[in-house]
Amino acid sequence: MDLNLPIRAGTSPIGPLAILRMSSEEAVQLVRSSVQMSYPLDIAICNAHTTLTALDNPAFAETLRHMTLLNDGIGVDLASRFLNGKSFPDNLNGTDLIPDILTEVGFPLKIFLLGATDRHVQLAKKHIETVYPMHHVVGARNGYFDLGECSHVCEQINRARPDLLLVGMGNPRQEKFIVENRVRLNATVAIGVGALFDFMSGSVVRAPKFVQSIGLEWLFRLLQEPRRLFRRYIIGIPRFFIALLKLKFGKSDTEN
């Protein structure tokens, strides 16, 4: 069915993932059209950590295949250049994309926030209500619940009937929650947003713009939270690039 969504944008395949090559404007239009047409849309924003997790875990890769994939960060951009000879038009990290959506969508959205701690998600709610007053945060709850509570959480979301569900519970939990519960969720657009609520609450400070512009925001975050992020960056980054070498040259080795 032709939905008139800009979903025909090209993709950059990275292993089992097909990540859309979209500009920020196209991504905002995708969300706008989905809400206007009441057409369900589930978005995963894939950085190097997300991609490596999918390469390590076929079940998570299968989860991501049920979602619309956008790019986040210099790691996947380098991966796309290395594997496909093309970079992504824009960096669509959730910390920038969600504010772009809230600023540019053009009509009021009903928003539900799911994730982080009670304190941080409430502070994120206050931030959205203050900075983007045209929108209405119809619900917010923490992301610390057991699988047995999913039905109750979905009921809470459904009572609010949000246009936009932002899920900030980290990979792979946030994507699994969205995909596994989609049949009982009536949110139109669901997006996994990682640490967005921590940034919005002020508990985590973003890197200066010039650090972002040279692709070193990951290093700034590592210096802020070395114990939590050591494994992701110091161990994960070399593993990610080794995985890319295997993707690039593994087929020819196997075929010879």
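Tabulated data
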{"read-out": "Net charge, ASN57 excluded, C-beta distance under 12 Å - Lys, Arg +1, Asp, Glu -1", "value": "-2"}
{"read-out": "J(HN,Hα) series, the range 137-145, from Karplus relation 6.51 cos²θ - 1.76 cosθ + 1.60, nearest Hz, glycine and proline x", "value": "7, 8, x, 7, 8, 6, x, 9, 8"}
{"read-out": "Rg followed by Dmax, in Å, when the range 1-91 is reduced to its Cα trace", "value": "13.1, 37"}
{"read-out": "Reachable lysines from LYS126, criterion Cα separation under 19 angstrom, eight or more residues apart if same chain", "value": "LYS110"}
{"read-out": "The chain: most fluctuating residue of GLY94, GLY202, GLY170 per GNM, C-alpha cutoff 10 Å", "value": "GLY202"}
{"read-out": "Spin-label model distance (nm) - HIS152 vs SER23, 7 Å beyond Cα toward Cβ", "value": "4.7 nm"}
{"read-out": "Tensor-based shape of the range 83-182 (alpha-carbon gyration tensor, a/c under 1.5 rounded, otherwise prolate or oblate)", "value": "oblate"}
{"read-out": "Accessible surface of GLU155 - all protein chains present, 1.4 Å probe, nearest 10 Å²", "value": "100 Å²"}
{"read-out": "Nearby aspartates and glutamates by direct alpha-carbon distance to LYS125 (threshold 13 angstrom, same-chain neighbours under 8 apart not counted)", "value": "ASP198"}
{"read-out": "Fluctuation leader among ARG182, ARG141, ARG231 - the chain, Gaussian network, Cα springs under 10 angstrom", "value": "ARG231"}
{"read-out": "Contour excess over end-to-end distance, with Cα ends at HIS136 and GLN224 and 0.36 nm allotted per residue", "value": "28.5 nm"}
{"read-out": "Positive-end residue of GLY202, LEU147, LEU223, charge dipole of the range 115-256 with Cβ unit charges", "value": "LEU223"}
{"read-out": "Solvent-accessible heavy-atom area per residue, rounded to whole Å², over the chain at 1.4 Å", "value": "49 Å²"}
{"read-out": "Accessible-area composition of the chain, carbon plus sulfur, in percent [1.4 Å probe]", "value": "55 percent"}
{"read-out": "Rounded tilt (10° steps) of 236-255 against the dominant C-alpha axis of the chain", "value": "50 degrees"}
{"read-out": "For the chain, average projected area of the Cα convex hull in nm²", "value": "14.2 nm²"}
{"read-out": "Acute angle (nearest 10 degrees) that the helix 94-104 long axis makes with the longest principal axis of the chain, alpha-carbon atoms", "value": "50 degrees"}
{"read-out": "Qualifying lysines (Cα of each under 20 Å from Cα of LYS248; at least 8 residues distant if same chain)", "value": "LYS86"}
{"read-out": "Area accessible to solvent at TYR39, 1.4 Å probe radius, in Å²", "value": "90 Å²"}
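The values are calculated or read from the model by the stated rules, or taken from the named source; none is laboratory data. Fair warning: this is a prediction, and the values are worked out from it, not measured in the lab. Cβ coordinates were reconstructed from backbone atoms using ideal geometry, including for glycine residues, and neighbour counts include every protein chain displayed. Just so you know, the surface numbers come from the protein's heavy atoms only, side chains and all, with ligands and any DNA or RNA stripped out. Shrake-Rupley method; radii C 1.70, N 1.55, O 1.52, S 1.80 Å.
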